[in-house]
1. Could you look at region A:227-335 and say what percent of its accessible area is carbon and sulfur, using a 1.4 Å probe and all protein chains?
2. In whole percent, and with a 1.4 Å probe on the protein chains, what portion of the accessible area of region A:7-96 is carbon and sulfur?
3. Counting only protein heavy atoms, probe 1.4 Å: which residues of region B:59-100 lose 50 Å² or more of accessible surface in the full assembly compared with their chain by itself?
4. Taking a cut-off of 26 Å between Cα atoms, list the lysines near A:Lys245, but don't count ones fewer than 8 places away on the same chain.
5. Given contacts defined as C-alpha pairs under 8 Å and at least six residues apart, what's the relative contact order of chain A, whole-number percent?
6. Shape of region B:4-66 from its Cα gyration tensor (a ≥ b ≥ c, root eigenvalues): rounded if a/c is under 1.5, otherwise prolate when a/b > b/c, or oblate?
7. Within the set of other residues whose C-beta is less than 13 Å from the C-beta of A:Asn118, count the net charge using Lys and Arg as +1 and Asp and Glu as -1.
8. For region A:31-80, what is one quarter of the convex hull surface built on the Cα atoms, given in nm²?
Amino acid sequence: MITNDNKINITINDKKICCNVGDKIIDVADDNGIEIPRFCYHKKLSTAASCRMCLVEIEGAPKLMPSCATQASDNMVVQTKSDKVVASQKAVMEFLLINHPLDCPICDQGGECSLQDNAFSYGKTDSIFKEDKLVNLSSDIGPLVATNFNRCIMCTRCVRFGEEISGHRELGGIGRANTIEISTYINKNVDSELSGNIIDLCPVGSLTSKPSQFQARAWEVIKKPAIMPFDCLGSNANLHIKNNKIIRVLPRENNDINEMWLSDRDRFGFLGQYSQDRLSNPIIKKDKSWHNTSWGDSLAKMAEKLKQAKSSNIGCLIGGNSSNEEIFLLSKIIRSFGCNNIDYRLLQKDFSDNTKQKNTNWLGLDLKQLEQCDSVIHVCSNLRKDVPMLNHRVFTAYKNGAKISSISNRLYDFNYPLVEQIGCKPSNTIFELKAILKEILKIKPQKIAINLDDIVSTKEHKNIALQLSTAQKSVVMLGIQAKLLPDYTAIKTLCDLISQASNSIFAIVPEYANSLGAKLYGAIPYYSDNLGKNSEQILKSNLDVLILYNFDSEYDINSDKIQKAASLAKFVIVINPYSSQIWQEYADLILPLATTFESSGSMVNCCNTLQKYQQNIKPYKYSQEGWRILLTLADKLSLDSFKYKSVPEIQNDLTDIQQKIILNNDTNNKDIKKIGIKNNVDDFEVINEFAIYQNHPMVRRSLALQKTNDAASYNKLIISLVDAKLLGIKRDEKISITTNNIDHTKIITSVQQSDSIPDSCIFLPNGAKYATINNNTTIRVKESI
Amino acid sequence: MINENSKGQIDKWIAKYPKGKQRSAVIAALRIMQEQNKGFLTVELMDAVADYLSMDKIAVYEVASFYSVFETKPVAPNTISICTNISCMLSGSDDIVKYVEKKLKTKIGSNTDDNRIFLKEEEECLAGCCGAPMMQVNHKYHTNLTRDKVDKILADLK
Ligand code: SF4
Ligand code: FES
Ligand code: FES
């Protein structure tokens, strides 16, 4: 009998079970602890029902039925262990092993292989198959996933993953019948930013992790829970550790965050942990050369320098991937001197919103809500590469019927079709946004304190306006690339106005793993009533002490400016896991910091979820956890109110702060008149970006990730086809650019011509300000602030 | 890649399916492109079909590699397919295969040396059983084959 709440009763192996109408038998069995073997079925993928391993006997049905494709119906009686089922399972196992090489001793999947497990539990010990086995050659599909298609059982999970989850099918079943094989057909890499997930999905050893190949057996590793510090989502994962070394990283299911997936960055970023340039000892510069020193001495020195400094002449820059505890302690120490010169926004150029506003920007909604939106506008966002798992939610929204558009300075490749895609010069972004606002006001007339009379709008703007205004639940999503624009505040304000006018949710994607934590716990100059210096001002000041905490000197900050600032400052202290040329040259004291995986702490993700993590491996050599370093420093400074002894004690104080914070993305509308900068037509504009595999010091050192095509796509100078023709630059030509930094470094780079970049724009991964091309053609690059 | 004539033909096929389901025309499109390219498909042609029908490229490769009517390696412009399925086999197709192979000095699955004729891989039933043994030469069925008949057909090809 079907009850009102759509519940039905079925019987599996004499056990009476109540389930929902429409549930698949295999799911009902799973939920009730009844084991049904399977290969092709996966709860997050569509049903293929091709392997036949999950067959069950259903009373009244003449044949066995695939439990993964059969819905439970009222009073159904299911047997999963009857003689008929057992015989079928044996036959299917024998069949699947016909062409399998049985090379378990040299297979990385050994010990966690469905084929092994099912053969052991359900198979037979011999086979009547005596003929030759087919051989499928492995192919190279990139630096992340190792293939051995000989072991493939054609479950097609990897193929369905491409279509349904990563949104772009790269693997397929080529050929037919017994000679069908999984392949990319043409020799190419699987380039999806989520490609590592096919390693987990593959039930056999056909797809395994390349970087961790042959390093450990499944039973040798200890699994420890971790939070991934590589983007603002904070994906949940398990570290697989052997002898204090991380062997690999696998997803830990959390439906509120990363479901059961991991981006490649989260999965392989940890490899940078073992980079050659880890710092092992505290070192101090004496007479222009570096000497080892003890922690006690070095922190005493640091304390001494801080005490001697004039409070307004202390400056502190901190990486946005640091933990709440580090941010909290460091900013508390700095403020104990009455100094507010601390900032985490190392690459931001426009700080005009930071004086009046104390609110903390965030995503504005949770991920389940995002999936249910029916309209999304990306502004300055390469979300697919910026925060892959967040983009996955937008992709899900798309599959649910959402319409999506994008406005950005380069035409990015999304894995879903866009209603409109506007590409514009950085300086034109605000005009595009104004045009959209103008169109929205035509549809939904309302008063807004901004003059749009001279704005010319086109069909594209109208379509976006329509898309936003006709939606039930729409989102204006301001991406991380906007943070690098000289007009950031104006763009943000316009996005806010657009969302208000169209009744959309205004979402701001944080640029670092712990941007929220950085704001909540004090790594901003406007944290207290006395406004301190922002990162730009700190870099321009003549400081007594400059503290550089947890970031790289090259990509995380403008390297020209940091060199200048460091050479101006009297005493430079670097606290970082990795060394660098620039640090060696300009610092006075370098302290080795433990990485996230070597520390306990917590971070706040883009949805304002606080996630705590434990120390999983011991710090490298003599490096130390950040909170320990900072507590010792506080002690050397004889500061009161640092009586913490452990991370949980610090966290108690943090919770109080978090509860008091108001999260919102409102902008200060009074600033609106300042919007708009003059555009000099002769100038080339530089497009700078946060690159997918350059956004975190550890990721940057993950060699496997650096070998991907995604990483390579950021290594070239890009100009438009039209400009290339005008300047006479050939495809893939190697040119030298001279940048106007202190010693006029020459960068040799090859040029990519593309129609994805607006004319008179130049994409330089390193953000050079003035470029000479080919020694005779000069591109005058627009100064951005 | 896709010439105007082929475009017109493909568009006719697309029109047969509901709007947005243009990928259903993939087999027809591949056949048309194979024709345009005189007998075989290349990766570029398949990519062009994928773009034209807004499909993932790999999905087009899958279709092309699945059906034996599609050749994904270069073949000669004239194609001969000799049926070797049950009715034809009982009526002596093995002998026809041997004879043709000898006469053209090539093997099933390969081109002739002068790259004029391609002997297609073993064919399944071509639905001409009533006239077994039979073969298909460039879309034309030739039934009740004998050695003499084969001689004549091949001579006509020259
Ligand atoms: S490679 Fe693995 S996941 Fe893909 S079809 Fe083969 S067995 Fe399945
Ligand atoms: S799991 Fe049901 S048929 Fe494969
Ligand atoms: S068996 Fe040859 S046509 Fe049917």
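1. Details: 1570 of 3540 Å².
Carbon and sulfur: 44 percent of the exposed surface of region A:227-335.
2. The C+S portion of the solvent-accessible surface of region A:7-96 is 50 percent.
3. When all protein chains are present, B:Tyr61, B:Glu62, B:Ser65, B:Phe66 each give up 50 Å² or more of accessible surface.
4. A:Lys210, A:Lys223, A:Lys224, A:Lys612, A:Lys618, A:Lys621, A:Lys707
5. Details: 1643 pairs, mean separation 102.7, N = 785.
It rounds to 13 percent for chain A.
6. On the way: a/c = 1.86, a/b = 1.18, b/c = 1.57.
It is oblate, given that a/c is not under 1.5 and a/b is not larger than b/c.
7. Working: positive: A:Arg38, A:Arg52, A:Lys90, A:Lys124; negative: A:Glu35, A:Glu94, A:Glu112, A:Asp117.
Around A:Asn118, the charge tally is 0.
8. Numbers: hull surface 15.1 nm².
Its average projected convex-hull area is 3.8 nm².
The values are calculated or read from the model by the stated rules, or taken from the named source; none is laboratory data. Treat the numbers as computed from the prediction; the structure is a model and nothing was measured. Cβ sites come from the backbone with ideal geometry, for glycine too, and all protein chains shown count toward neighbours. Keep in mind that these areas ignore ligands, DNA and RNA; they rest on the heavy atoms of the full protein, side chains included. Shrake-Rupley method; radii C 1.70, N 1.55, O 1.52, S 1.80 Å.
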